[in-house]
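The values are calculated or read from the model by the stated rules, or taken from the named source; none is laboratory data. All values derive from a computational prediction rather than experimental measurement. Cβ: placed from backbone, ideal geometry, glycine included. Neighbour counts: every protein chain shown.
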Amino acid sequence: MSKALDDLLTKLPLWLGQFTRTLTHPSQVLTEQLSADTAASASTEAKPVQDGVGFLILSFAVAAGVAITFPVASMAPLAPAPADGALAQSALVLRHLFVFLGAAALVHGASKLLGNRQAFAGFFGAVARFGGVTLVLLALAGALTNVGMADPIAARNWQQLRQVAVQMGESAKTALCQADAQTGQLPPGTAINGLTPTRLAEAQALYLDTAARPLVVIASALESLCLLALTVWLGWVWWRYLRVSGLTPGRAVAASAVGAVGLGAGQLLLVLIDSGQMASQLMRSCS
């Protein structure tokens, strides 16, 4: 563990330089990644991929550290053990990584349909570089939600909402376990403890009051602004990649449209997978 930490700290200054350069000069980095793959000889052809993977691994470690140290303010119940919380935050970063890689594969396939002839090695090197930056920026954007918790009233209300969410979640889980296996309907007259209209109205009023607190509004605005800037930045990088790959503006627009359709289908599939996983976990708890 100590050796791994020493290696991480040794490589951190180099990573920080690559991170800031990728963030501030994306066009140059993209051109270098693609040209390095084109000019590589047979003995060094994998170097862009190796460099990109090394940067991506270190970026994942940094993003996981940020997510563990400054977790996103959410309604999820507090973990009973710190190790469980750290593992959950790392899993969230890992999920972002796989979603980004899957999205990159989809849009690259769309560009191939429209005439992109770039080799996959150079593309993957670029994806690893920009994906690493994206992981860190997503973790930092999530950390901004904690700005709202600097308001003592908002922090107190948030903890109350967390407790209410846990109680309601358990009540809803108990009720769903009583649903008919054939029709999915609850038996007539099923009582759901804690989910009374009065309780729901009180929780909604408390949430709206908390969300309207000045620091919470500022935190939400900062997070939204960061996510919007990241989206624009990635969109520009993608457009630049298509143009460097030799696609005309019309073909680039078409490739982007096909890629957007693929991303929408992938998002729908991901939602279905998550829903199936949640339903499976619920049924296991019922038995």
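At a glance:
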{"quantity": "Hits in the stretch 172-200 (condition: at pLDDT below 75, closer than 26 Å to Val72 by Cβ and not aliphatic (A, V, I, L, M))", "calculated": "Gly194"}
{"quantity": "Close pairs (8 angstrom Cβ cut-off, 6 or more residues apart or separate chains): surrounded by 15 or more Cβ atoms within 10 Å (Cβ to Cβ) in the stretch 216-231, among the acidic types (Asp, Glu) and in a helix (DSSP H, G or I) anywhere", "calculated": "none"}
{"quantity": "Selection within the stretch 87-125 - under 24 Å from the mean Cα position of the chain (by Cα) and free of Cβ contacts under 8 Å to residues at least 24 places away in the same chain", "calculated": "Leu87, Ala88, Ala91, Arg95, Phe98, Ala105, His108, Phe120"}
{"quantity": "Output for the stretch 94-138, where each listed residue is part of a helix (DSSP H, G or I) and over 18 Å from Gly235 (Cα atoms)", "calculated": "Leu94, Arg95, Phe98, Leu113, Phe120, Ala121, Gly122"}
{"quantity": "Whichever residue in the stretch 36-74 is closer than 30 Å to Arg162 by Cβ and surrounded by fewer than 15 Cβ atoms within 10 Å (Cβ to Cβ) and, among such residues, is modelled with the highest pLDDT", "calculated": "Thr69"}
{"quantity": "Residues that are hydrophobic (A, V, I, L, M, F, W, C) and under 15 Å from the mean Cα position of the chain (by Cα), drawn from the stretch 129-155", "calculated": "Phe130, Val133, Leu135, Val136, Leu137, Leu138, Ala139, Leu140, Ala141, Ala143, Leu144"}
{"quantity": "Residue within the stretch 206-213 that is more than 21 Å from Gly131 (Cβ to Cβ), crowded, with 16+ Cβ neighbours inside 10 Å, at pLDDT 90 or above and not hydroxyl-bearing (Ser, Thr, Tyr) present", "calculated": "yes"}
{"quantity": "Enumerated helices (runs of 4 or more DSSP H) restricted to the stretch 178-287, each holding at least 2 residues that are within 30 Å of Ala121 (Cβ to Cβ) and aromatic (Phe, Trp, Tyr)", "calculated": "214-244"}
{"quantity": "Which numbered condition Phe120 fails, given (1) farther than 30 Å from Val244 by Cα; (2) at pLDDT below 90; (3) out of contact with any Gly (no Cβ under 8 Å at 6 or more places or on another chain); (4) not basic (Lys, Arg)", "calculated": "(1)"}
{"quantity": "From the options Val133, Val164, Val127, residue that is buried (at least 21 other Cβ atoms within 10 Å of the Cβ) and modelled with pLDDT under 90", "calculated": "Val127"}
{"quantity": "Criterion: in a helix (DSSP H, G or I), buried (at least 20 other Cβ atoms within 10 Å of the Cβ) and either at pLDDT 80 or above or touching a strand residue (DSSP E or B) at 6+ places or on another chain (Cβ under 9 Å) (or both) - qualifying residue of Gln28, Gln33", "calculated": "Gln33"}
